[in-house]
Amino acid sequence: MRDAAAGDRSVAVVFAGWLNVNIPRQGATAREFLVDPLHADVVVFGTFVPRNYDHRRQPDCADGGGDCLLANVAALRPIRTALAPMLSFRELQKTFRATPHFATIEAEYARRFKAAGNNWPNIAGTSIFAPLLGSKALSVLREIHGYSEGLKLLEAQESARRRRYDRVVWSRVEYNWLAPHPPLSLMPECYVWVPRPQFGMAIDDGHAVLSRAAADTYFRRWEYLLWPGMLARAPLRFWATQPPEDLLAFVIAEANLSVAHFAMTAALPCCGAAGHCFKTECHHAPVYATRARGHEPFGEARPPAADGRGARWVVKGKYKYELMENWRHAAALGCPGARFALTGKRYGEARLSIGETIETGGACARAERASYPPGEEERRNPPVQLVVRVPVPREARITPHLSGGLVAPLTTAARGGAAPLRGGGGGRGRARRQLERGARRRFDGVAVPWFCPAHASGFWPADAGDGAPVAAAGFCAETAENDEGDCERGAQGGWAAGWASARGILTLADCVDACRRCARCNFVSLSFRPFHEECMWFHACPRFPRDLRTVPTAPDMVTVDVRRT
């Protein structure tokens, strides 16, 4: 099908906000994995710190303007761009104190602050009206103002082309995209599509796929906050205390819109040498080259390293669980047969990963008006989600690196190159080779990542050649938190695994190798699930293999008899 010419497309991607932030490769990852797959026009509203903005802040550009920051988004190749000075604290204060209702909100905030005795958690964190209320280091109101200006710029482009866009995508300009965005054909317009929110958030406000009508609601939160009638729409406590994600969830519910989640494939990068950001926390994840690309695909990545499983990069991210979950989505898409799939929850079952696949045309029949505040089930598992389906042989288990997030196993019959690995000859060392050979095997003649379940057939070998099991689901026993144990005289211990691992334990093979370097270690139990990311070691495991313990929050937990590998 012929690609529509720029300016004549039905989709627009809007970026808005401060441009002196860490934007990976000048927006090249967003162009490659977001804009181009959607055949979209790009609209950028950027702000900059001007001269005399604040005595503590230097201007972003030497001439006091913002033109020098356009180089930061050069790879996006926007069809329309606008720059404006960042609103100062005094300008924000003047704007809101001119409204008839802000004084009431300000007084409620002060009352609650005094009553809390400076121990109110949100005082140092985000609030809807930061920096006027709450932390002065935050720019929540400036960001909300940027959404409004981004919509005005979009409307100007629509006026110039004499046609409204059918779909509008909002995204943070500093996202590091790891894999292609889902096709909009799988994202019905009757929903506001957002990434699944992280723990404690009402909704994720970093990215959204919207109908053109829903975009008016999504981008006009600034106008909503200036409207005196807003006080009557929610308790005063809400306006004085809640974070900006709750404001978004609230206005979506007010507009009678429905929310659906999709498997996001981008993460916010760490603060780099260029640009600024509020949070300096930084985490990393291993990324293996996939069959889909033969070049370095990630903006914030170190050069590839040889580790026995193929070319590997390390991608960094600001928020740990965002990076963990969205990396899994991107990684799963590199597996043979993986695809995005629209799924509906089977009522009475807790997790979407066992949901039924539904047709796009029938998805809107499941649309439910969003509520505020959202319940825990609604917040994490709405009736419709767009997941990554990964084929898994019946004899296999999904790998720990892909368990979690919106990665849903699709059980298939094993065939051809996807046949499960089994023991059979070789004895000692056979199981170890099965743990490590992943990327060296091939599927349909193409090398694929070691973690793909349809390729590597589960994530542990069946036996060492004598029929006795080498590994089994579950764990030996509980271990003390943050206690590595004594490898000379101890009975058990544990090492952090995954993103926080100081020992580089990123795979089951890494956990087994760590055990071999510990004299008292004979068994290991491993999980990569949040709050269970640990490689636990044991001198003895009487429960192995038939009576291992399990925990519902770590279904990927596996125990290996290291002596037999």
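The values are calculated or read from the model by the stated rules, or taken from the named source; none is laboratory data. This structure is a prediction, so every number in the text was calculated from the model and none was measured. Reconstructed Cβ throughout: ideal geometry from the backbone, glycine too, with neighbour counts over all protein chains shown.
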For this session: Looking only at region 74-81, decide whether some residue is part of a helix (DSSP H, G or I), among the β-branched types (Val, Ile, Thr), surrounded by 14 or more Cβ atoms within 10 Å (Cβ to Cβ) and out of contact with any Asp or Glu (no Cβ under 7 Å at 6 or more places or on another chain).
Result: no
Seminar exercise, completed: In region 211-236, anything of a type outside the set (Lys, Arg), within 17 Å of GLU155 (Cβ to Cβ) and out of contact with any His (no Cβ under 6 Å at 6 or more places or on another chain) is listed as SER211, ALA213, ALA214, ALA215, ASP216, THR217, TYR218, PHE219, GLU223
Exercise. When the residues of region 309-351 are filtered to those that are closer than 24 Å to TYR191 by Cα, out of contact with any helix residue (DSSP H, G or I) (no Cβ under 9 Å at 6 or more places or on another chain) and part of a loop (DSSP other than H, G, I, E, B), which remaining residue is modelled with the highest pLDDT?
Worked result: LEU333
For this session: Spot the failing condition for SER185; the list is (1) surrounded by fewer than 22 Cβ atoms within 10 Å (Cβ to Cβ); (2) more than 23 Å from PRO269 (Cβ to Cβ); (3) modelled with pLDDT of 95 or more; (4) not aromatic (Phe, Trp, Tyr), and only one is missed.
Result: (3)
Exercise. THR99 passes all but one of (1) surrounded by fewer than 19 Cβ atoms within 10 Å (Cβ to Cβ); (2) of a type in the set (Val, Ile, Thr); (3) more than 30 Å from PRO228 (Cα to Cα); which number fails?
Worked result: (3)
Seminar exercise, completed: Scanning region 243-253 residue by residue, those outside any loop (DSSP other than H, G, I, E, B) and in contact (Cβ under 8 Å) with a residue 40 or more places away in the chain turn out to be PRO244, GLU245, ASP246, LEU247, LEU248, ALA249, PHE250, ILE252, ALA253
Seminar exercise, completed: The condition from (1) out of contact with any Ser or Thr (no Cβ under 6 Å at 6 or more places or on another chain); (2) in a loop (DSSP other than H, G, I, E, B) that ALA554 misses is numbered (1)
For this session: Any chance you could count how many residues in region 178-194 are in a strand (DSSP E or B) and either under 19 Å from the mean Cα position of the chain (by Cα) or among the hydrophobic types (A, V, I, L, M, F, W, C) (or both)?
Result: 3
Exercise. Which condition number in (1) in contact (Cβ under 8 Å) with a residue 60 or more places away in the chain; (2) buried (at least 22 other Cβ atoms within 10 Å of the Cβ); (3) not basic (Lys, Arg) is the one that PHE544 fails?
Worked result: (2)
Problem set entry | Looking only at region 262-282, and only at residues there that are over 16 Å from PRO24 (Cβ atoms) and in a loop (DSSP other than H, G, I, E, B), the one that is modelled with the highest pLDDT | ALA263
